[in-house]
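What follows is calculated from the coordinates using simple rules that are stated; it is not laboratory data. Everything numeric in this text was worked out from a predicted model, so none of it was measured. Cβ atoms come from the backbone with ideal geometry, glycine included; neighbour counts cover every protein chain shown.
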Amino acid sequence: MSTHVPTPAGAPVATEPDAGPSAHPLPGAARPAPPRRRPVRRAPTTRVAGLVLRTPYWIFTGSLAVIFLFPLVWTAVSSVSPQAGTNQTDGWGVGNYRTLADYQAGIWQYLANSAFVSLTTVVLTLAISLLGGYAFARFSFPGRNILFLTTLAILMVPYATMLIPLYVLLNELNLQNSLIGVALVLTMFQLPFSTFMMRISFEAIPRELDEAALVDGCSSWAALWRVLLPAVKPGLITVGLFAFLTAWNDFMAPLILINDSDKLTLPLAVSNLRGQVQGVVDYGATEAGVVVLALPCIVLFLLLQRHYVRGFMSGAFKG
Amino acid sequence: MSVSMMSGRAGRSRRRSGPASPARRGQAVKGWLYVSPTAVFVAVLFVVPLLLVVRMSLSRWPLLTGDQGFNAPDNYTKVLDNRFFADSVVFTVKYTVLATVLLIALGLGLALLVQESSRWKGLLRASFLIPSALGLASASLLFYVLYSPIAGPAADLMANFGWTFLGSPNAALFSTVFLIVWRFAGFYMLLMLVGLQGIPSELYEAARIDGASRWQTFRRITLPLLRPTLALTTIMCVTGSLLAFEQFYILTKGGPDNSTITVVQLIYIMAFQGQNDLGVAAALSVIALIALVVINAVQLRAFHNPDEK
């Protein structure tokens, strides 16, 4: 998109269009026309002038980035640095993580619970929305529109409005106080986004592709697995990523649906950590807990940023 | 939009194959087979609970003993009589207005700032977005430590000035709003970027040729054409803020002096803390649901452009 003239590595500054902290609303419009001659050798004075002019811009945007990154960096650093009232009073080390590891049922139990809930939610969401998206995109059946609209309507209903009756309902189904129950509820809340996402993924594939397979004698099931699945893979990655981030981080469903402390998921366990010893908060262990909670999300986000952004591009949030 | 899209395709295939052709019946059966897991989930975990919450709101329904029979409209009068009800509504609305105004303005500002692609702007974009990968609970726990007068980075400063981030009702509100802005600004920036990309560049080109100033271009081109995005983001932000729970549950626990209790927190308190009355909690849930539907309908109407078809 950007039509930057290639510049020597030292001087990309001078071709940057906006020269101040003010927001730049015009892509390509107010951009000064790139110099016609190749800007390989720039007069040093222009370069210096450009740098000086753009200093406020760098300071402004740079400090914005610092504001956004500081809380994360500070938490990570202070979770391993010495601090009074924690398990890490002198020198740097992993004392806070040791407190966390020994907390009640132990961090491994809570990690296992969270992993179980997250993976179950991801697998269920992928399976259900793959089949559902296929049906909505490629088949006509009675009740199709009403079912699709009802699925989208889940977005319109407050989370809390649903959790009170779900608590009662899961009790009836013997799924209350169970991690499977939590995963089922979280899967249901993922369905509007994931069904919409998979439906448009299937609709983006030319019909000729699967029709050719059907003509060749493939069943619709075989056409789905052999022909269509590779084509909707990016959609599936986006759906899986959002399902994981939601399930891993969800707080309210396990808060309401789980009673036993050894069945808690990680966010609740870390939250409970604050009242560990007679209301004395172990801040160090809380920091360690936040790091353990945040790390998989940030790593996944950085690895799959492209797929994360696609979730927004799809218009799935417009449901 | 999606409705017309669907009926179009379904209608065409219906016309193609006659009313009771076996091909069409096969289509319907197969379609239902593939969609049945979705249908079961939506029916059992969404439609049934939705009906159940209405019934619960009309019945005496203590947490431990379950359904004790019809008692309408007792639960609703109990909600209105609750000593925290009015305060929680006022506080939730106050918080919603503050969070929405800040997030929409900041989301748009950041989007305009990082709109063009360059390496530096890519880095900025990523750093604004990273907090969005965190869960709301994790972010709240993170700021719980950051704001702490004992362990936070500003602990010494706070000790000197005798002021804390969560000490007074207003400080607690603004501190929580800051956390929310930190966590969600990148998210709204991304939605705004998607909207900005949809504006044809020829319009900017034309404005430039006509000699429009930056402000005029922003006011006359960017803002009007961004209207659908602004509507979407505002509705999402208002909905999310009206249902705020984690940030207050973890950060302020409703305090100081019960000044930061939101409506959803009140539902939780009614159901599981002290009163243990699911019927009253269900009644407040229904009120919240209706309020949300009305508020969203009003917003859709306000954002609806009569000139557009």
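Anything in chain B that counts as a DSSP H helix reaching 30 Å or more along its axis (C-alpha) with Kyte-Doolittle mean of at least -1.0? List them, would you?
B:85-113, B:169-197, B:278-303
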**Message:** With +1 assigned to the C-beta of every Lys and Arg and -1 to the C-beta of every Asp and Glu, and no other charges, what is the dipole magnitude of region A:104-318 about the Cα centre in debye, to the nearest 20?
**Reply:** 440 debye
**Complete:** Shielding of A:220-233 by other chains, given as the mean Cβ count within 10 Å, works out to 1
**Asked** Over all residues in B:119-130, what is the mean tally of Cβ atoms on other chains that come within 10 Å of each residue's Cβ?
**Response** 5
**Fill in**
Taking Lys and Arg as +1 and Asp and Glu as -1, residues besides B:LEU58 with C-beta under 14 Å from its C-beta add up to 0
**Prompt:** Among B:ILE290, B:ILE209, B:ILE221, which one moves the most in a GNM of chain B with springs linking Cα atoms closer than 10 Å?
**Reply:** B:ILE209
**Asked** If we count other beta carbons within 10 Å of each Cβ, what is the order of A:CYS297, A:CYS218, B:CYS237, fewest first?
**Response** A:CYS218, A:CYS297, B:CYS237
**Message:** Can you give me the distance in nm between label points at A:ALA153 and A:THR55, each placed 7 Å from the Cα along the Cα-to-Cβ direction?
**Reply:** 6.2 nm
**Message:** Within a 10 angstrom radius of the beta carbon, how do A:MET313, A:MET252 rank from fewest other beta carbons to most?
**Reply:** A:MET313, A:MET252
**Asked** Dipole size in debye (nearest 20) for region A:147-234 around its Cα centre, Lys and Arg Cβ +1, Asp and Glu Cβ -1?
**Response** 200 debye
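Could you tell me the relative contact order of region B:76-303? Use alpha-carbon pairs under 8 Å, at least six residues apart, and round to a whole percent.
Answer for region B:76-303 is 31 percent.
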**Request:** Averaged over every viewing direction, what's the projected area of the C-alpha convex hull for region A:110-238? Give it in nm², one decimal, please.
**Result:** 9.5 nm²
**Request:** Within 10 Å of each Cβ in peptide B:215-222, how many partner chain Cβ atoms are there on average? Round it to a whole number, please.
**Result:** 2
**Fill in**
Rg from C-alpha atoms of region B:76-303, normalised by the globular rule of thumb 2.2 N^0.38 Å, equals 1.19
**Request:** Within 10 Å of each residue's Cβ, count the other Cβ atoms and sort A:PHE251, B:PHE143 from fewest upward.
**Result:** A:PHE251, B:PHE143
**Complete:** CD proxy, 222 nm, chain B: helix-only mean residue ellipticity via -39,500 (n - 2.57) per DSSP H run with n ≥ 4, per residue, nearest 500, stands at -22500 deg cm²/dmol
